[in-house]
Amino acid sequence: MNFNSQPTNTNRKPKTFNNPERFIEGWYWVLPSRKLRVGEVKPVTVLGRKLAIYRGKDKRAVTVDAYCPHMGAHLAEGKVEGNELRCFFHHWKFDAEGICVDIPCMEEPLPMKLKTWPTAEKYGLIWIWTGEIPQQPLPFVPELEEKECHIAFATPFVMNCHPNIVAINAIDAQHFNTVHKLPLEIIFEKHELHHNAIIFSNITRLIDDSFIIKFIRRFYKNAVTYSICYWYGATSIVTLGPDFFHLHIMFAMRLIAGGKSEGQILLIIKKRKGFFGWLCNRILLRLARFVGKYFLKGDTKIVKTIQFNLKTPIKEDQSIMQFINHLERQKPLMWGTWNLARSRDEEPRENREKWRDDLVND
Ligand code: FES
Ligand SMILES: [Fe+2]
């Protein structure tokens, strides 16, 4: 451990981090792809906003605001016709761009548009962008950006705290030794992939000569692989494993009412060729479930009861501070309305961007 650790105080409070009324404009998971078949329409609530999602005969998922612009019927009560959606109530019909294409009692439909949201699918999940035009890509595993993957879903979860708090657990270096009894020191280096994604990678090389460290060292050319990539402060991808096999655990999360989190856990590994490759990956994914469970086991107690307040940050909390700074620079939206978040007491922009702690060197 670093014996030069000094407590440092900060009076500046983050505005978006751990705020139950805010989230970052970005891509968020909606449903597992397999839960929306061709011709189906379903109601969903994402980040407090009511939506309807359907899959047309072209297999494309389309997400629209839930309430019909005629009289407010819920469109998930409606019917998918080809690639279009017909409202149950007075049978107005909307195409995949939301344009009204049919009003049965009129010769011509009215020139009106139902709000649609950019929708895409990756890793067996349907995702939506919570703004007009996607500014950044869908969350991806950095080392598998263009590669094909094998995926397994673990049990979905609800946690009693904000997604940001669940997320930072993975870069809380001290707790690996205290909660998870890890016999190694973890030191992170950060790298911003872009405005909305940041990676923290372990850079500690193994030097201890104890039996266990010598054993672990055989599996790593450099530092022990442990890295986390955060997207929009909500979806985290943990990468770990020996050099010959990397496992990626995605925690796709979103904020629900009461400042809680709901999420999907996906286990992702690089696709192996042939039947034996497939079989090998299936077995590895099975085993990986235990890793996921192990990670969550000790932490569940914490996230159930924590009232996060980093009053006394020390050097070992640096990655958490860096995560907060990265988050504070992104575009905040209001939970429920998805409007741009503005606080009455908002500081001028320059001040906001200077939300820094002495410990943080970015
Ligand atoms: S409420 Fe949808 S068509 Fe009337
Ligand atoms: Fe943990």
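The values are calculated or read from the model by the stated rules, or taken from the named source; none is laboratory data. From a predicted model like this one, the values you see are computed outputs, not experimental measurements. In this analysis, Cβ positions are derived from the backbone assuming ideal geometry, glycine residues included, and neighbour counts consider all displayed protein chains.
Quick notes on this one:
- Against the list (1) under 23 Å from Lys59 (Cβ atoms); (2) loosely packed, with under 15 Cβ neighbours inside 10 Å; (3) not charged (D, E, K, R), the condition Pro156 fails is (1).
- Filtered residue count, the stretch 291-313, keeping only those that are in contact with a strand residue (DSSP E or B) (Cβ under 8 Å, 6 or more places away or on another chain) and farther than 18 Å from Lys260 by Cα: 3
- Among the residues of the stretch 272-281, just one is touching a residue at least 24 places away in the same chain (Cβ under 8 Å) and surrounded by fewer than 14 Cβ atoms within 10 Å (Cβ to Cβ), namely Trp278.
- Qualifying residue in the stretch 122-129 (condition: modelled with pLDDT under 95, within 15 Å of the chain's Cα centre (by Cα) and not in a strand (DSSP E or B)): no
- Residue that is surrounded by the fewest Cβ atoms within 10 Å (Cβ to Cβ) [pool: residues in the stretch 184-207 that are of a type in the set (D, E, K, R) and without any contact (Cβ under 8 Å) to a residue 24 or more places away in the chain]: Arg205
- For the stretch 263-302, filtered to residues that are aromatic (Phe, Trp, Tyr) and closer than 20 Å to Phe244 by Cβ, the residue that is farthest from the chain's Cα centre (by Cα) is Phe276.
- Residue within the stretch 181-201 that is within 28 Å of Asn281 (Cα to Cα), more than 21 Å from the chain's Cα centre (by Cα) and part of a helix (DSSP H, G or I) present: no
- Arg289 being away from ligand 1 (no atom under 16 Å from the Cβ), over 30 Å from Thr116 (Cα atoms), of a type outside the set (A, V, I, L, M, F, W, C) and modelled with pLDDT under 85: yes
- There is at least one residue in the stretch 343-353 that is over 23 Å from the mean Cα position of the chain (by Cα), assigned to a loop (DSSP other than H, G, I, E, B), farther than 16 Å from Asp172 by Cβ and modelled with pLDDT of 65 or more.
- Selected residue (criterion: surrounded by the fewest Cβ atoms within 10 Å (Cβ to Cβ)) from residues of the stretch 76-115 that are under 15 Å from Val64 (Cα atoms) and more than 16 Å from ligand 1 (Cβ to nearest atom): Glu97
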